[in-house]
Amino acid sequence: MAFPGYAGYFWPGMIFISSLFCGGKLNADEPGKKIRKLKDIVIYEDARYYSAFPSVVRRPGGDFILAFRRAPNRQALGEKDYSHTDPNSYLVLVRSRDGVTWTREPELIYAHAFGGSQDPCLLQLRDKTLLCTSYGWALVRPESLPYLKKPYSRAGDFIFLGGYILRSENGGKTWKGPYYPPTIPSETVLSALGDPLPAYNRGALFETRTGKILWVVAGSDPGVPGKTSVHLIVSGDKGMSWQYFAPVASDDKASFNEASVYETPGGDIVAFLRTADMDDQACIARSKDGGRTFGPYQKMGFQRHPLNALQLPDRRVLLTYGYRHPPYGIRARILNPECTDFESASEIILRDDGGSADLGYSWPVMIDKRHILVTYYFNRNNGTRHIAGTILELY
């Protein structure tokens, strides 16, 4: 999704994925060590809308909530192309009891008073509270631009609003907020309203074993318009307040932006990073001291668009991502529990039938101890953007 520093704003036949594609290290004699694809599903599709950027959680009772951004399909209104910024983009959700069949009509999570909301990122806390992070863009007419406080971040006719957080204590039936995270120390950009820019990013947050919430956010690099780095902020009170911890990754030439954060069984904090101006290279950054400092980022050796990590029952990690090069689709890798074998882990092609590069933003969740749902947005033949999923089985 577009935000500052993002360059490119933009059963019928079971399919078996052998141990060859899941890395030669898998032992075929151990149950649950191999993975196969069962089927693809459509979760939500309506030709009137551009639906994208999903996140999904499994509730303590076993049901599922999937949030996504829905905006008008502007091509239906005569425009030539799709856009990732829209004044009528709202946060909505659908529900499922089994992870396969979903409610047809979305429920509204939030409609921002000053602009379109983007990329809802859900986090299910252990106390059953739901958090949803997002950010927004305000439509500003050209004649108004001279009156805005500078510097601001602009994408066409839209000015960036920064991030915010919503909370639900009743399973997403009602939401409180928005609550605004702090501005990171190095941020120089102002919001469309002239205020210090609240921290923002697209990607998975993480609740640690000690109950702290980790969030890797993006921030503008001072003096370099459009360039961003990423930073760790931490909450010790279930997302009500945040403390700046450390820079996660920066580079003299490339940007880091959309990121997911994960705590390994050994206690390392790893951030999976999207880049710009680095040939779509996936990167990883690691902290061995609880997020106080991060070592130099490492290139992971493959191209991807935002990554997301899911711990499997045996503590290995399923890493999923969109692939925005022909053949367009969704891909994955299985890493060891400490996420150290990213260079040797083999790639799994979940889908290669996408209609264009406008897809991806995967978000996986365990359905049960054997089955996984990988959600993402997708298009066929460059048509309606919709929310889809792939069901995988460990065997």
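The values are calculated or read from the model by the stated rules, or taken from the named source; none is laboratory data. Since this is a predicted model, take the numbers as computed values, not measurements. Don't worry about glycine lacking a Cβ; one is built from the backbone with ideal geometry, like all the others, and counts go over all protein chains shown.
Structural remarks
Listed here are the residues, each with its yes/no results for (1) at pLDDT 95 or above; (2) assigned to a loop (DSSP other than H, G, I, E, B); (3) over 23 Å from the mean Cα position of the chain (by Cα); (4) buried (at least 17 other Cβ atoms within 10 Å of the Cβ).
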position	(1), (2), (3), (4)
G24	no, yes, yes, no
R69	yes, no, no, yes
H84	no, yes, no, yes
V100	yes, yes, no, no
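- Enumerated strands (runs of 3 or more DSSP E) restricted to the range 305-395, each holding at least 1 residues that are at negative phi, among the polar types (S, T, N, Q) and surrounded by 16 or more Cβ atoms within 10 Å (Cβ to Cβ): 305-311, 317-323, 360-366, 371-378, 386-394
- Going through (1) in a strand (DSSP E or B); (2) closer than 16 Å to P178 by Cα; (3) over 15 Å from the mean Cα position of the chain (by Cα) one by one, C132 falls short only on (3).
- Flag for D157 being of a type in the set (D, E) and under 22 Å from the mean Cα position of the chain (by Cα): no
- Remark: pairs (first residue in the range 238-258, among the β-branched types (V, I, T); second residue part of a loop (DSSP other than H, G, I, E, B); Cβ separation under 7 Å; 6+ apart in sequence or on different chains) = V248/F294.
- First in the range 126-138 and within 28 Å of S191 (Cα to Cα) and at pLDDT 95 or above, second anywhere and surrounded by fewer than 22 Cβ atoms within 10 Å (Cβ to Cβ) and among the polar types (S, T, N, Q), Cβ under 7 Å, 6 or more apart: L130/Q124; L130/S168
- Any hit, the range 210-217, residues being of a type outside the set (A, V, I, L, M), buried (at least 16 other Cβ atoms within 10 Å of the Cβ) and in contact with a Ser or Thr (Cβ under 9 Å, 6 or more places away or on another chain): yes
- K288 vs. criteria in contact with a Pro (Cβ under 7 Å, 6 or more places away or on another chain), farther than 30 Å from A71 by Cα, charged (D, E, K, R) and surrounded by fewer than 22 Cβ atoms within 10 Å (Cβ to Cβ): no
- Only one entry in S241, S235, S260 is under 20 Å from the mean Cα position of the chain (by Cα), modelled with pLDDT of 95 or more and farther than 15 Å from G290 by Cβ, namely S260.
- Of all residues in the range 102-117 being loosely packed, with under 13 Cβ neighbours inside 10 Å and over 20 Å from the mean Cα position of the chain (by Cα), the one that is farthest from G172 (Cα to Cα): A113
- Tabulated pairs, the range 96-119, first more than 16 Å from K176 (Cβ to Cβ), second β-branched (V, I, T) and not in a strand (DSSP E or B), C-beta under 7 angstrom, 6+ apart or interchain: G99/I367; G116/T85
- Test for K299: is it part of a strand (DSSP E or B), basic (K, R) and over 25 Å from V365 (Cα atoms): yes
- Whichever residue in the range 224-255 is hydrophobic (A, V, I, L, M, F, W, C) and not in a loop (DSSP other than H, G, I, E, B) and, among such residues, is surrounded by the most Cβ atoms within 10 Å (Cβ to Cβ): V230
- Considering residues of the range 256-284 that are assigned to a strand (DSSP E or B) and β-branched (V, I, T) only, the residue farthest from P326 (Cα to Cα): I269
- Per-region count, the range 247-261, residues of a type outside the set (V, I, T), in contact with a Phe, Trp or Tyr (Cβ under 6 Å, 6 or more places away or on another chain) and within 29 Å of K176 (Cα to Cα): 2
- The lone exception for L166 - which of (1) closer than 24 Å to L66 by Cα; (2) in a loop (DSSP other than H, G, I, E, B); (3) in contact with a strand residue (DSSP E or B) (Cβ under 8 Å, 6 or more places away or on another chain) it fails: (2)
- The range 310-334, residues that are in contact with a Phe, Trp or Tyr (Cβ under 8 Å, 6 or more places away or on another chain) and within 22 Å of D279 (Cβ to Cβ): L319, T320, G322, G329, I330, R331, A332, R333
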